[in-house]
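Encoded as structure tokens, the structure appears first; notes follow it.
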Amino acid sequence: MPNYTAFPTTGFVRLSAIIAPRGPIPVSKSTWWAGIKDGRFPKPMKLGARVTVWRVEDVRALFEGEG
């Protein structure tokens, strides 16, 4: 099992910290957005016109098998 200790436990993260190669979810950007559209992945929050984030708790639940 990969080591995800570097992933935060609370707060918000941007897409680059979620998907491969830096993040714990091994999917492409287009697969991630398609997964949001069909409900497989958590919905994002907009912090500004060009800033999209996800709750760390939602992403952790996904890769820890709870989501």
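Values in this text are rule-based calculations from the coordinates and carry no lab data. Since we're looking at a predicted model, the values are computed, not measured. Heads up, the Cβs are rebuilt from the backbone with ideal geometry, glycines too, and the neighbour counts pull from every protein chain shown.
Put +1 on the Cβ of every Lys and Arg and -1 on every Asp and Glu Cβ in the chain; which of Val51, Phe63, Ala20 then has its Cα farthest towards the positive end of the dipole?
Val51
What distance in nm lies between label points placed 7 Å from Cα along the C-beta direction at Thr10 and Thr31?
Each label point is offset 7 Å from its Cα along the Cβ direction, giving 3.2 nm.
How large is ³J(HN,Hα), in whole Hz, for each residue of the stretch 53-59 in order, when computed from phi with the Karplus curve 6.51 cos²θ - 1.76 cosθ + 1.60 and θ = phi - 60°, using x for Gly and Pro?
9, 10, 5, 4, 4, 5, 5
Would you mind computing the Rg to Rh ratio of the chain from its alpha-carbon coordinates, Kirkwood style for Rh?
That ratio is 0.93, to two decimals.
Running a GNM on the chain with Cα contacts under 10 Å, which residue among Arg40, Arg14, Arg50 ends up with the highest mean-square fluctuation?
Highest fluctuation of the listed residues: Arg50.
So what is the relative contact order for the stretch 12-63, in percent, with contacts set as C-alpha pairs under 8 Å and at least six apart?
It comes to 37 percent, rounded to a whole number.
Using the crude model of +1 on Lys and Arg Cβ and -1 on Asp and Glu Cβ, and no other charge, please compute the dipole size for the chain relative to its Cα centre, in debye to 20.
360 debye
I want to check the label-to-label distance for Lys43 and Ala61. Put each point 7 Å from Cα in the C-beta direction and report it in nm to one decimal.
1.3 nm
Quick one: net charge around Thr31, please, counting Lys, Arg +1 and Asp, Glu -1 for every other residue with C-beta under 14 Å from its C-beta.
Every neighbour counted, the sum reads +2.
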